[in-house]
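The values are calculated or read from the model by the stated rules, or taken from the named source; none is laboratory data. As the structure is a prediction and not an experimental result, all values here were calculated from the model. Neighbour counts are summed over all protein chains in view; Cβ atoms, including those assigned to glycine, are modelled from backbone coordinates with ideal geometry. Note: accessible area is taken over every heavy atom of the protein model, side chains too, but ligands, DNA and RNA are not part of it. Shrake-Rupley method; radii C 1.70, N 1.55, O 1.52, S 1.80 Å.
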Amino acid sequence: MLNRPPGADEIRANAAKLNQFGWMLSIDTLANFDITRWNDVLTQSYDRIIIKLLMNRERMDYQKRYAEVVRS
């Protein structure tokens with residue numbers, strides 16, 4: 001659902017190295033990379049977290065699609 005295959009640029013950048021952090025990477029992303037906000041993220045409901053992760057993913061996918069359209 002939230003997982004997608006990496007793009008060519010991500011493979012070249014070795015994004016797979018981030019896998020070692022597992023779920024902590026999602027928490028860090030939701031906390032805007034601020035460790036002092038991790039507890040704020042952890043107190044949110046599961047459904048709220050999933051919706052936010054889905055929104056983030058759709059936003060990133062849109063930005064990639066838009067960049068491709070602009071380049072064309």
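Key figures
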| item | result |
| --- | --- |
| Stokes-Einstein diffusion coefficient of the chain, Kirkwood radius over Cα pairs, 25 °C, 0.890 mPa s, in µm²/s | 177 |
| In Hz, Karplus ³J(HN,Hα) per residue of region 14-26 (6.51, -1.76, 1.60; θ = phi - 60°; x = Gly, Pro) | 6, 4, 4, 4, 5, 4, 4, 8, x, 5, 5, 5, 5 |
| Furthest towards positive pole of dipole, TRP23, ILE11, LEU53, structure part the chain, Cβ charges | ILE11 |
| Hz values of 3J(HN,Hα) by residue in region 52-68 - Karplus curve (6.51, -1.76, 1.60), Gly and Pro given as x | 5, 5, 5, 4, 4, 5, 5, 4, 5, 4, 4, 4, 5, 4, 4, 4, 5 |
| Dipole in debye (nearest 20) - the chain, about Cα centre, beta carbon charges: Lys, Arg +1; Asp, Glu -1 | 180 |
| Per residue, in Å², the accessible surface of the chain once ligands and nucleic acids are set aside, probe 1.4 Å | 86 |
| Spin-label pair TYR46/TRP23, simplified geometry with 7 Å Cα→Cβ offset, distance in nm | 1.0 |
